[in-house]
Structure formats: C-alpha cells, structure tokens
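Colleague: Starting off with a structure, shown below.
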Amino acid sequence: MVWQKKFKKGWKPPAKWGRIEAVREKVNRSAARMLSEREHQEYLALRIIAQSVSPVGSGYLSREMRKMGQVVSEATAGRILNRLDHGGYTAKVGFQGRTLTDTGSAYFKNLDVRKTRLDQGEEFFSVLHNQTKERLIDILVARKAIERELARLAAENATPEEIKEMWAIQRAQFEKAARPDGAAEQDVLFHRAIARAARNPVLESAIEMIRQDGQLTPVFEYIRRTVHSVISYDHAQVIRSIENHNPDLAEQAMVRHIENLISDVKKYWTKINKA
C-alpha cells in the first residue's frame, strides 16, 4: 500500500487503516448505480409484464404498481407503456395489452442486476471513499435550504393523489427499514414525490443536482443504520403537515428532518474515530 512507504520498516498501520483500504478495494469492484426515477418505473412495469400470464394494459399496470408502493394513475401507466413500446421493450397484442420482447427481457435483466447490487449495499461502497464529514454536512445544509421551500410549496399544491403516493412510500420505507437491504430507494422516492408536488421545476432540478440522482442516499442510509437512527417517523411528520396543507409546519418538519440527518453524520464520525 502506498501509505506504508512513508514509515520505517517494521511499522504496522492501525487496524482502522486496513478497513479503509478494504472499503476502497470493494469500491473498485463495484459497478452499481442507483436507478433513476424513470428507470425505476420501467423496472416495475417490466417486472409486472414479465410475471403476468396475459398481456398487460394500463389499468392493470396502475393497480399492480400501487401494490408495490409506486402510485401512478392509469394515464401515467399508459405513458410508461408507450415509452416501453417506443424503446422496443414491449409489443402490443391488439387491444389486450403488452408483452415483453426479447429486447425488453434483456433490458429488464440489466435493471434487475443493478437493483440487486444496490439492495446489497454496493452503491454505498462506490461513493463512500470520496466523502468526508464536512462534505456530507455541506450537502445536507444545501438540501435543507431547498427542501424546506419544496415542503412549503408541496403543502400548498399537493393533490390528494400525490399525498396518497407519499404515504404509500412512507409505509414501504417503514416496512423495509429493519431489513438488511434497508430502505434507501424509498428515501429517494419520498423526496422526489415532494419535489414534484411543489410544482416548481427550478427547485426540483436544483435538488436533483444536489442529491446527485440519489448517489449519496446509500451512504446516508448506512450512516443512519450505524447510529441506529430511524427516519420514517420524520417523513410521516412531513407528510402529515403537507396533508393538512400547513406550509409553516411542513417547512419546520422538513428542517427538523434534515437537521436530524446532520446530527447522524456527526455521531457517525465520532463513532468511527473512536473505533
């Protein structure tokens, strides 16, 4: 290792340094990348079509995606199917619905492999080695400035359908929180749902850029689990304020949520420095 050359012969590095190198080696082997929102929708749609014994239409797709925690209207489901048709991933069977093409089957397998790697925590290792406590806190401070406004706007503009989607995501997150694969994906979906409901494309684009398309989400998920922090309660408080169309309380709930994340980051670094 490069850093060993800086010390006298016979010197042994602390055990913690070896753990850092092990993480870096795993980073180099990792090729996982979190699915974008569009890819996530397509993954669910292709999975439903692949498992169905008959062609799938927009109504059936909408109902099945809801069961998976992704609330989409029948019209949105129709647009997803049209997108898959255009990509050559599905084929129409008269007025009955869609079936998978060979191209669609290959695309689904590719998405499934990436999602599996993410669920196993590979995404965490692809990002962690470049992070510092200060950088993570800077990102969270920037998120707080934007997401507090998004929460306010969502409280003013969210539709009943969008609020149902938020609750569905929150329930899925709560159920997955104790599992080994965690609930990083639901965290991304939750914050994106609020950003969409805010009806401000500029702020929505800004927060997507800061969140790096979810690339840091597995890192924060790992940190929260290490310090035994649970965020599904924070999310419930945010949704409840949005549901009551109370901008002030929604903003306060979001600020409290982000500040809790900042506190978790500080606790994590204190913990690993004592290791």
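Colleague: How would Ile80, Ile272, Ile194 line up from fewest to most surrounding beta-carbon atoms within 10 angstrom? Write out the running numbers ahead of the final one.
Modeller: On the way: Ile80 21, Ile272 14, Ile194 26.
Ascending Cβ contact count within 10 Å gives the list Ile272, Ile80, Ile194.
Colleague: Determine, for Thr159, Thr226, the number of other Cβ atoms within 10 Å of each Cβ, and report the residues in order from fewest to most.
Modeller: Ascending Cβ contact count within 10 Å gives the list Thr159, Thr226.
Colleague: What value in Å³ per residue do you get for the convex hull of the alpha-carbon atoms in segment 122-274? Write out the running numbers ahead of the final one.
Modeller: On the way: hull volume 14.6 nm³, N = 153.
Spelled out: Cα convex hull of segment 122-274, divided by residues, is 95 Å³.
Colleague: Using only Cα atoms, what is the ratio of the radius of gyration of segment 37-119 to 2.2 N^0.38 Å?
Modeller: Numbers: Rg = 11.7 Å, N = 83, 2.2 N^0.38 = 11.8 Å.
Here the answer is 0.99, to two decimals.
Colleague: Of the cross-linked pairs Lys109/Lys133; Lys115/Lys164; Lys115/Lys274; Lys67/Lys115; Lys176/Lys271; Lys176/Lys266, which ones have a Cα-Cα span greater than 29 Å in the structure shown?
Modeller: Lys109/Lys133; Lys115/Lys274
Colleague: Can I ask one more? Between the DSSP loop rule and a limit of at most 13 other Cβ atoms within 10 Å, which trypsin sites (Lys or Arg not before Pro) in segment 219-275 are left?
Modeller: Qualifying residues, ordered by number: none.
Colleague: Compute the distance from the alpha-carbon center of segment 42-61 to that of segment 83-107, in whole Å.
Modeller: Cα centres, segment 42-61 to segment 83-107: 10 Å.
Colleague: For Tyr89, Tyr43, which order do you get if you count the other beta carbons within 10 Å of each Cβ and list the fewest first?
Modeller: Tyr43, Tyr89
Here, each number is a calculation from the coordinates, and none is a lab measurement. This one's a predicted model, so the numbers in the text were calculated from it and none came from an experiment. Backbone-built Cβ (ideal geometry, glycine too); neighbour counts: all protein chains shown.
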